[in-house]
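**Q** Below is a structure I'd like to ask you about.
What follows draws every value from the coordinates through simple rules; no lab data is involved. Being a predicted model, the structure only gives us computed values, none of them experimental. Neighbour counts run over all protein chains shown; Cβ positions are idealised from the backbone, glycine included.
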C-alpha cells in the first residue's frame, strides 16, 4: 500500500517568515495530494490540494508543489501569522482500487512565534 | 447545514464493554471512513465504505467492526474494547464520483478505555 513520510515533525518560525513542510510518497500511481490543517481540539480541514497533472498550485499565502518524478510534494506558507499555528497533515490518494484510501503523513506541528 | 456528525463526542469506558460510535452525514456521500488519531502517528484508517453494504478494511482494522445499512450512517463498533484503543476517532465522508473530491471530517470522538 501507499506510504507517506512527512518532515519535519515540528517547526517553529517567526511571524512573517515562511514555512515549508515536505512529504514523500511511495506509490507512483497516486494522483491526488491534499493538505489538511488541524487546530487544537478541532477536526482536520482541507486547506489546499493538488492533482498529479499539476506541478504547482497557489491560494493566497499557501502554495503546494509536486514533483512526480521524485515522488514528493511540499506545502509553502508565506508571511506566516499566529493563526497559522496548527498541525498540518499531507496525504496521498491512489488511482483505481487505491482511490478509496487516503493515506496521511504523521503531521507537522507548526508554531508561529509573534 | 452540510455536515458530518459523531456521537458521543467523549466516552470513558472499561475494558470489554461493547460500545458503538455513530457517524452520520447529510451530504448524500457514497464514501465514508473511520480514522484513529494518536500522537506521533497521524491519522490511520480503520475501515471504509464505498457505498451501502460495501465495506473494506483500512490499515488498522483489528478490534473494530463497521456496518453500512443506510447511506447516511456508518457506525463504528468496538465489541470488546481494550486500553490500546484509547484514541481520538474521526469519521469522514466524500462524494464517491471522483478520486479528487474533498473529504469532510466529523468533529471527533475522544475514547478512553480503562
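**Q** List B:72, B:94, A:93, A:61 from most exposed to least, where exposure is judged by having the fewest other Cβ atoms within 10 Å.
**A** The order, fewest Cβ neighbours first, is A:61, B:72, B:94, A:93.
**Q** Taking the number of other C-beta atoms within 10 Å as the exposure measure, put B:11, B:78 in order starting with the fewest.
**A** Final ranking by Cβ density, sparse to dense: B:11, B:78.
**Q** Now for a separate question. Could you state the per residue volume, in Å³, of the convex hull enclosing the Cα atoms of the protein assembly as shown?
**A** Dividing the Cα hull volume of the protein assembly as shown by its residue count gives 121 Å³.
**Q** Once Rh is set to the Kirkwood radius over Cα pairs, what Stokes-Einstein translational diffusion coefficient, in µm²/s, holds for chain A at a temperature of 25 °C and a viscosity of 0.890 mPa s?
**A** After rounding, the answer is 174 µm²/s.
**Q** Provide the convex hull volume over Cα atoms per residue for the stretch B:23-110, in Å³.
**A** Dividing the Cα hull volume of the stretch B:23-110 by its residues yields 95 Å³.
**Q** What is the spin-label model distance, in nm, from residue A:109 to residue A:28 if the labels are put 7 Å beyond Cα along the C-beta direction?
**A** Inter-label distance under the simple model: 3.7 nm.
**Q** Highest GNM mean-square fluctuation, chain A, Cα pairs closer than 10 Å: which of A:92, A:70, A:19?
**A** A:70
**Q** So what's the projected area for the stretch A:1-58, the Cα convex hull averaged over all directions, in nm²?
**A** The directionally averaged projection comes out at 5.4 nm².
**Q** Pick from B:39, B:95, B:81: which is most flexible by mean-square fluctuation in a GNM of chain B where alpha carbon atoms under 10 Å apart are linked?
**A** Taking springs between Cα atoms under 10 Å, the residue moving most is B:39.
**Q** Neighbouring Cβ atoms within 10 Å as the yardstick, rank B:88, B:43 fewest first.
**A** In order of increasing Cβ crowding within 10 Å: B:88, B:43.
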